Each structure stands twice: as structure tokens, then as C-alpha cells.
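Below: the structure, in C-alpha cells.
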């Protein structure tokens, strides 16, 4: 690449020209920012302004552009110059819109604008145009693990989009649980009666498609590589191993039913007439195709009364059974009650529930069952006792608040829930699942972080539950169906479709050397200067995505295709040897140093705000759009994730005379909203340890504060900033000024 | 109408312990009871909520649980003031007010309704008054209500409201001669024939013995 040539443009549109002295800002860019080519423009984002920049790039050979105008989130299409490094000074949303237009505010507003120009120029000097990940893989085949409804749907949808599929199923037959059902819950109008499962058509579509290679009786012996170049070793029945190269993986390994033998109090194991929902399906599959009624298993007697017990071993707060609701079982019991009512309305069917939960169009299905005469009783079952060929179901009536019972039930069906088949718990490989069995690994990943996907909660496979449901912490591997949360067939199909499209995107991005979600298309990737590395392993341990392996000498080995470009490794690194071409310890550090710090007696504190660019920074921008004013003493730097914040920035800022540092990241904890899952949590724990450092610097602990901020905190943020400014005013300005 | 006791025994013989089926066939709008989803909005909406023994939600649950005696002897459905709040709010669109009145009427027909329940007595008073001549005789109806609980109570009530009565008299809203011979519908016999026919139709539809 030729020598870098820097240019800066100061826009005077949108009222910037009236509120701040653009000549002064331009002079600062030239003198302090040492930018060779500085121009002012009345309306930079119009065709003429953009053409001016383009012509400078072409004719003057400009390689680095700083634009002092609106937020980096605005006018992104107008200011898109491929191959050129770009820094933005946010004079509109970040300065004039958050400051009152008064004579006394003019001076501090101008200082704010000048600092943002300085920061943009400083950042620009440290930026390189990202070249893209050279370690690209070219495979775009999709590996689908699991041949149930989710897996089959994923395979079919991938084919419909034009991608080849390798499907691995552990059982001898495809179809999973759905193939064991007599009928399924309807998904179309009028939602009145059970319908055909449609699973055979799905199986046929998969087996007859030459673009889908199906392995049955097969498991994954090992999975290695990264998006675009995963290598899957598939152990087949004969004992041999097939190797397939794939671009991305959909894990649709489904669920096991919660073992009803763990519920002896509900009569399980005491009588063959007490069964789980799968047991009733198998009875229905034996009888119904021949047009025969379902009979009592114990003696083949006529069935006159069936009791369905909802939430059997589910929504349990004693810690003995599943704590969650599986979401599909109310509809399934309604469907099974209809098996009886549709054949013979004289059969008495009672569904005992505590809360009937019928997702989707289940309300219509529920109503249809009521019309057919299925009785719904709100109660919680306390016991099922078998005597002879019938059972007595005791329950607490929750409406009438009294103990009640149903005598002479010929069949009792327990609605047990779903337990995810999510492989081993990578944090505790010896742990058993909710059924008490020790799971075996499904993916057998050769990652240092463990053999399977991390688990989110209750043993379900990882999912960015609140924001991006199919995303897991293993790039290029997507969880779909009941393995990631309990669900029914309709939801599983939708889930599989979504997940496989994400898988396709991951494979496509991998080929181009770009990041996958959420920085989709980003060409930068972490570069490590190994000569400085101390093998401390913090980056390998803290990477939320398992992107970093270790070599024999415990040096980190980056797998760029697995990386999401959050910069958590950069934030973790104590010796600052990890950086991105356009985002590094230096590029942010230079911005921090560029700010002009007034002296101790000026009564003008400087507060550094490190704001997550996904939530906090847009919220600050929106505060500007709504003209919610805040202090002129803050200087905001957007960061990719709070996890990328290196402690050295904080120390440098405080040494440099800043009076306080506000860190704004996303919600962490169980219901995290961090785009990078662990970033804000890690930042929080790192910052909890910073108070020691502050004490050694003889500074107050209040000088560093961490906040959880959501994108909706448009009104709250100016208040937070105001409150923090008051805190700084109270403890006084930093004594560290003037030494840097 | 046959003797109440007899009628009840016949109903029991016909439906056994399937009270829901009995309600569905014999109670006005009774076929809606099975559609209740036990959300409790009716119970929360009723302005008389705290004064009932059983809310509509509970009444429906009791019907499904086969609690025949408790439902029919309950005074709950007699407490309904027909404000229709529950009907407006019911997410399942159940005609709850109508069902309540249907249940009350059915309980009365069976002879199981609470004898001294004031609403039941007032209803009878009104029905007799209205059907006799085809027109409501307001003076007789009012006096009937005053003296429902005996002569002393009646005079006390009349004394309390004397000013209103006097006012109505002066405004010609109250004609004392109505007490002797009230005005009647032109075709009284026709009204009686119509009511008889309606009773026949009801009996045929609901499976009651012929009136």
C-alpha cells in the first residue's frame, strides 16, 4: 500500500455551522490533528459533498478520511468509501443536539466539538483498512445433526435455498418423535381436529433429494475446523468413519421425554393404564388405523374415562423435577382427548391443569375441544392410585379450593415434559441430565472449550435467547428445535428454517473472510503479536465464542472464522498484544490522549464515556435526536463491546487527568442482552477489581463507574450523566492533571 | 307445571349425575357452560362480587364437577342485577347474565331455589302482576313489595316514602283508583293464550312435561 494520506472534512450542515466555529475546528484538525488536507463544506452528505471526498480519494490519493459531521450511525451509505479508513467526529447527535443553544453554553459546546475533532484525527492515524481473514474456507454444505422434524426441515429448507446438506441421524429411521405420533396438532385453519403429521412427506423429500447425503445409525466422532471448513468425522454403523467437509452446522438433536418413572406418586409404574403422552400415541397408532377404539392396556377393557394430568414433573418448584413449562403438552393432551371424543363422544375425558398454555393458534384448538365436550378442570393432581383395572385421581380443585377426586379412570395420561438432548455439560462433563442419565457428547468438537455447545439454562443448548435465538457461542454452529428450548412441531419447523438460514449466512461470510453475526460483514480480525505474549491464557479463557485454541506451548491460536470480532480478547490481554486493524488498544488510547484536559482550577472536569456501540451509543444518539441535553464535560468513545475495554485505557485516562470514567454496557446475568454474551459481564468483573488500582493511585473509587444500559434508555442516560457529573463535582477534580 | 318435587325426581332419573348435560339441555343458554375457560374475569367484573356465595366462574366449575344440589340451591344467581359487565368482558363471549337467569329459573322450576330469597319472591310478584292483565299495575306491585314482609313492615315502608307518593299523586303519576280496578290490556285472553303457547314451546324444547 502507498503511503497513507489523511484528509478531514468539517460539515456545517444541520445547524453545526451556526452552533460551532467550524473554522476553529478545521484549524484544530490541521494543526493539532496534523491532517494535510482539511476542507469545510456546507452540506457534506449531499451529492456534491460526497463527490468532493471521492475526487480527493481519486485525485489526491487520500487513504484515510475523518468526517466531522453527524454520528457514525447516520449517513452510512453516503459516507461509504471502500478501501478507505474512516473516522467520524459526532458533532451533531453528540454535541449540538445535546447542548442548549445559549450564549453561556457556547464555550463548552465549542470545546466539546474541538475535542471530538481531535479524537477523530487521532483515531484515524491509528487505523488501517482491514484486509479480511485470509484463513477462509470454501465449503458451503450444511451439516444437520438430527433427523427429526427440526433436522428434516433444516435439510429441506437448505436445499430450497440451493445448498447441499449432510444429515446425520443416530437412529435407524428418520422422523424422530414426530414419526411416533398418530396425529399432530393442526397448524392451519380451522384448528379444530388433529391432523396427519406430514412427517413421511418430509422424510421422502429428504431421502429422494440427491443433494442431501443421509447417514442413519451414525454419530459424530469428531468435529473440527471453523465456519467454511468444518471437518466432520461420522461414525457409521459398520464401524468405519466417513469424513465430510461442511461450511456450517445445525444442531437439531431434539429432546427426550422426562422419565415418568420418576413420578411414582402419579401412578407411574403402578399400572399399565398410567402412561406418558408417548405411551398413548403408541396405543393410538396400534388401534386407530384399523378403526378400532383405544382399549385399556391392563385387560383390553373398554375405555370410558380418561384423565390427562398436565405439568406432570414440570413447573416444579421443589427442585425434584423439571422447573420449566415445556409449552407443547397442553395442546398435546387436548389433541389426545380428541382421539377419544372424535371416535366416541360418550367417552369422558378430563384434562386437569393449573394453567392451560396453548401457544400459536392453540386457543382455537382448545375451544374446539370444549365444544367437543372435553372437560377442563383447574386443579393440581396430588396422587394417582391404581386399583384393579382403573385408577383414582386425587386433586386439589383450584377454583373451588377443595380436595376432589375422579374415580374409575380407565386411562391416566401424564404430560411429562421435554429434556434437551444437548450433549455434555462442558463446564461439568460428569453432570447428569434431568433424567439422571449421563449424556454423551453429540458434536465431539475438538475445541479447547469443550466437546459440545455451552448450555444456557436447564440443560438446553446455547441460544442468544433474548436477541438472536439461533445464535450460539460457537460460530457457525446453530441450535434449532427442542434442543435449545421446549417447543412443538410448528415452532420446531420455524426454528429449523431460521437456524439453517443463519448457517448459510455463516458459510457465505466465511468464504469472503468476513465476520458472522452480529458484526456480519466485518473484515477486521484479531491480530496477535506473539513475541510479546506471556501465555497467560486470559484471551483463550475469556473468548465467549471458543474462537481461540492453544498450541503446545500454550500460545493462543486464533481461528479467525470462528471469531465474532467483539474484541473481548483485546480487552483481556494484559500485555496489549491483540488488536484489530481498525480497532485497537492504540486507536482508542490515542483518542483518550487527544482530548484537551483543562487544568485543575478551570472547574471543567472531563469525563470519559466508553459506550457499547450496540446499545449505549445508539441510546446516546437518540437522546440527541430528542434534544435531551447532557453535560458538556463528557467525551464519548464507542467501543465494540464493553468486553473489549482494556484496563490500560482506564488507567491512561486517569493518569492523563480525566476526572471520571463511565462505562456503559448491556445487561448481563442470566437474561443478558450483550450481543457478545459475556462481554459486559467480563467488563464488569474486570472493573470490580480496578478499585485496588485506584487506591494505589490515591484516587477515589467513584472515578470509575459501570452502568447497565439498554437501547431504550434515551431519557435515563442524560440523567445518569448528570448524576455522575454531580458526583465528580462533589469529590472534586482529579489531582492527576498536568502530569501527562 | 307438575309438582316441583316430582319434576326434580324426573330430572334426576333422566340425567343421573351428569349435571352438565342437564344444564346444557334444560337451562337457557346452558350449552355455553362448557366453553368457560376459568379466567375469572366475570368474578372480577361483578359489582356484587363480594356478596355472592359463588361467582359465575365457580358456578360453572361446580356444574362441570356435577355439584347439582349446591348449584341449584345457591342464591348466587338470584343476586345478578343484569348489569351485563361480565357478558361484555367475557373473552369467550359467554352470555353469563342469561345463564344466571336461566339457572335461577330452572332451580325455581325444580323447587330447589331458596324459598325466602328476596329476588325470587319479587320476581314471582312481578310475574303474577304482569301476566294477570297483560299490563303492570304499578300501584299494586309497589304495595305488594311494601307488604311482602308483613303488615307492620309495609306501613313503615309506606310512611318512609310518603312524600314521594304524595308528589307522584299531585303530578298525576299515581292513580289511587288503580287499586280498585286497574287498567287492562285490550286482548287479555290473547295474552294468556300467547303465554300458554310460549310455555308449551319451552317445554317441548327443554324436554319438560307438558304444562
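When each of A:721, A:440, A:203 is scored by the number of other beta-carbon atoms lying within 10 Å, the sequence from fewest to most is A:440, A:203, A:721. Taking every DSSP beta bridge that has both ends in the protein assembly as shown, the antiparallel portion is near 35%. Relative to the dominant Cα principal axis of chain A, helix A:277-287 is inclined by about 50°.
Springs between Cα atoms under 10 Å define the GNM used for chain B, and in it the highest mean-square fluctuation of B:47, B:176, B:95 occurs at B:176.
Per the helix-only calculation at 222 nm, which mean residue ellipticity applies to chain A, given -39500 (n - 2.57) for every DSSP H run of n ≥ 4 and division by its residues, nearest 500 deg cm²/dmol?
Working: 18 runs with 199 residues, N = 740.
For chain A, the value works out to -8000 deg cm²/dmol.
At q = 0.10, 0.13, 0.17, 0.23 Å⁻¹ the log10 of I(q)/I(0) for the range B:43-161 amounts to -0.38, -0.62, -0.94, -1.25, computed by Debye summation with a single uniform scatterer per C-alpha, solvent ignored. Across chain B, the mean sequence separation of Cα contacts (distance under 8 Å, 6 or more residues apart), normalised by length, yields a relative contact order of 20 percent.
What's the angle, to the nearest 10 degrees (0 to 90), between helix A:47-59's Cα axis and the longest principal axis of chain A? Relative to chain A, helix A:47-59 is tipped by roughly 70 degrees. Counts of other chain beta carbons within 10 angstrom of each beta carbon in peptide A:560-571 average 0. Beta bridges assigned by DSSP with both partners in the range A:295-424 are antiparallel in approximately 50 percent of cases.
If I take every Cα pair under 8 Å that is 6 or more residues apart in the range B:4-113, average their sequence separation and divide by the length, what percent do I get for the relative contact order? Working shown, then result.
On the way: 141 pairs, mean separation 38.4, N = 110.
Over the range B:4-113, the number comes to 35 percent.
For the segment B:54-67, counting C-beta atoms of other chains within 10 Å of every residue's C-beta and taking the mean gives 3. The C-alpha atoms of the protein assembly as shown occupy a region whose extents along the principal axes are 115, 90, 54 Å, arranged from largest to smallest. Given axes a ≥ b ≥ c from the Cα gyration tensor, I'd like to know whether the range B:118-197 is rounded (a/c under 1.5), prolate (a/b larger than b/c) or oblate. Judged from the Cα gyration tensor, the range B:118-197 comes out oblate (a/c at least 1.5, b/c at or above a/b).
Within 10 Å of each residue's Cβ, count the other Cβ atoms and sort A:253, A:332, A:109 from fewest upward.
Working: A:253 30, A:332 23, A:109 20.
Fewest-to-most ranking of A:253, A:332, A:109: A:109, A:332, A:253.
Across B:201, B:63, B:180, mean-square fluctuation computed from a Gaussian network of chain B (C-alpha pairs under 10 Å connected) peaks at B:180.
Which shape class, rounded, prolate or oblate, goes with the range A:331-435 when its Cα gyration tensor gives a ≥ b ≥ c as root eigenvalues, a/c under 1.5 marks rounded, and past that a/b bigger than b/c marks prolate? Prolate.
Order of A:177, B:127 from fewest to most other C-beta atoms within 10 Å? Write down the numbers at each step before the final one.
Working: A:177 20, B:127 11.
Ordered from fewest to most neighbouring Cβ atoms within 10 Å, A:177, B:127 come out as B:127, A:177.
Which value in deg cm²/dmol, rounded to the nearest 500, describes the helix-derived mean residue ellipticity at 222 nm for chain B, given -39,500 (n - 2.57) per DSSP H run of n ≥ 4 and division by the residue count? Computed ellipticity for chain B at 222 nm equals -17000 deg cm²/dmol. For the range A:15-85, relative contact order (Cα pairs under 8 Å, six or more residues apart, normalised by length) works out to 26 percent. Partner shielding of A:369-378 amounts to 4, given as the average count of beta-carbon atoms from other chains within 10 Å of each residue beta-carbon. To the nearest ten degrees, helix A:616-625 and the longest principal axis of the Cα atoms of chain A are 70 degrees apart.
Largest first and in whole Å, the equivalent-ellipsoid semi-axes of the range A:1-129 read 24, 15, 12, each the square root of five times a Cα gyration tensor eigenvalue. Taking a ≥ b ≥ c as the square roots of the eigenvalues of the Cα gyration tensor, the range A:259-416 is rounded, since a/c falls below 1.5.
Every number here is computed from the coordinates shown, using simple stated rules; none is lab data. Please read these numbers as outputs of a predicted model, since none were measured by experiment. Using ideal geometry, Cβ is built from the backbone for each residue, glycine included, and neighbour counts are taken over all protein chains shown.
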